[in-house]
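Only one structure is covered here, and it is reproduced in the block below.
What follows draws every value from the coordinates through simple rules; no lab data is involved. Values in this document were obtained by computation on a predicted structure and should not be read as measured data. Backbone-built Cβ (ideal geometry, glycine too); neighbour counts: all protein chains shown.
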Amino acid sequence: MVCALIAALGSLGATCAPFGAKQSGSGWTVRMDFERAASGSYAVGPDAFDGVPDDHADTRIVRGTSFSGAQSARLTVQEGSDLFGGVKEFPTRLGPGSELWLRFRVYWPSGFDWSADPFLKFFRVHTQSPTRINEGYVDWYINNPQRVAGPPFQIIKEIEDRWHYFGADYRDDPKWNVWETYEVHYVFDSVPVSRGGRARVQAWKNGQLLADIRDMRTLETPESYAHELQFSYWNGGAPKTQSWYLDDIQLTTLRPSDRDAAGNPMIGVAWDAPPQ
């Protein structure tokens with residue numbers, strides 16, 4: 001659960017209850033726009049994270065750099081540190097057959113360095129067993145576009161450990177000084193679509209579908225489940241002390257009403273795409 005992880009990270013503002021969640025009989029939606037807390041405070045609260053690491057990183061509510069509204073979350077990582085960001089516990093466990101859409105905005109200032117060893121964990125969803133044994137993460141990585149040519153992103157299910165590269169060099173690279181919109185759709189299962197199961201991951205940037213992965217499991221066993229979103233780990237330590245910004249995070253298990261060019265359901269680039 002989130003409290004155990006937050007305690008391990010030495011976090012401030014930990015809570016065992018998920019914030020900002022609206023549930024219905026068919027699912028739930030969580031929205032995080034970072035507007036309620038005072039500027040300068042830790043990014044923890046009803047419309048923010050459930051916990052943030054405080055020993056090697058600094059995640060704060062700030063004004064002046066936001067996609068919408070007046071505030072966003074500024075994620076700072078210290079040179080050499082591998083901890084940053086925040087965690088958000090899902091209102092319910094997401095087992096086999098469950099679906100999750102996640103959409104957020106990100107802003108990297110000029111000079112931001114994505115260097116990591118081997119790649120930067122952009123964000124990740126944690127999975128575990130019914131007895132809460134760690135069963136790895138479904139990770140979205142950034143392959144530093146400043147130093148390496150080729151696809152800028154890759155997704156992997158830990159333990160299975162098969163890389164799935166996607167995105168076009170330069171066109172889809174993360175950019176400085178502009179708000180970008182990222183979205184991912186997970187179907188959780190221990191068997192991928194390619195083998196007759198349901199596990200699938202779709203990834204979008206700025207409303208364009210970049211990947212539709214159907215040959216990777218998203219859970220380890222039929223009893224496993226996903227329970228948490230994390231922006232939390234810099235492989236090999238950050239190359240320098242630097243900050244980036246998040247805004248307008250939305251997670252939902254309700255099928256969105258928006259569609260991409262191929263007809264796939266997605267939250268989309270609008271602030272709030274209502275469920276179908």
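Some notes on this structure:
- Share antiparallel - DSSP beta bridges, segment 192-276, percent rounded to 5: 90
- The trypsin sites (Lys or Arg not before Pro) of segment 164-221 that meet both conditions, a loop assignment by DSSP and at most 10 other Cβ atoms within 10 Å of the site Cβ, are 171.
- Take every pair of alpha-carbon atoms less than 8 Å apart whose residues are at least six positions apart; their mean separation over the length of the chain yields a relative contact order of 24 percent.
- Sum of -39500 (n - 2.57) over DSSP H runs of 4+, divided by residues of the chain (222 nm, nearest 500): -1000 deg cm²/dmol
- In order along segment 244-250, phi translates into HN-Hα couplings of 9, 10, 10, 8, 6, 7, 9 Hz, rounded to whole numbers, per the Karplus curve 6.51 cos²θ - 1.76 cosθ + 1.60 with θ = phi - 60° and x for Gly and Pro.
- Across segment 80-93, rounded Karplus estimates of 3J(HN,Hα) from the backbone phi angles (6.51 cos²θ - 1.76 cosθ + 1.60, θ = phi - 60°) give x, 8, 10, 9, 6, x, x, 10, 9, 7, 6, x, 9, 6 Hz, Gly and Pro being marked x.
- Stretching the chain fully between residue 221 and residue 161 yields a gain of 20.1 nm (0.36 nm per residue, less the alpha carbon separation).
- Length released on extending from residue 31 to residue 170, taking residue separation times 0.36 nm less the Cα-Cα span: 47.0 nm
- Under 5 Å, built H, 5+ apart or other chain: amide partners of residue 236: 117
- Here the spin labels are modelled as points 7 Å beyond Cα on the Cα-Cβ line, and at residue 146 and residue 208 they lie 2.3 nm apart.
- Here residue 22 is the anchor, and the lysines within straight C-alpha reach of less than 18 Å, apart from those fewer than 8 places off in the same chain, are 88.
- Where a label projected 7 Å from the Cα of residue 259 along Cα→Cβ would reach, residues of segment 179-193 with amide N under 13 Å: none
- The percentage of C-alpha pairs in segment 102-183 whose separation is greater than 17 Å is 51%.
- Working note: Cα gyration tensor of the chain, eigenvalues times five, square-rooted, sorted largest first, giving semi-axes of 25, 22, 20 Å.
- Summary of the geometry: segment 27-69 and segment 184-247, compared by the centres of their Cα atoms, lie 22 Å apart.
- Quarter of Cα convex hull surface for segment 159-253, i.e. mean projection, nm²: 8.0
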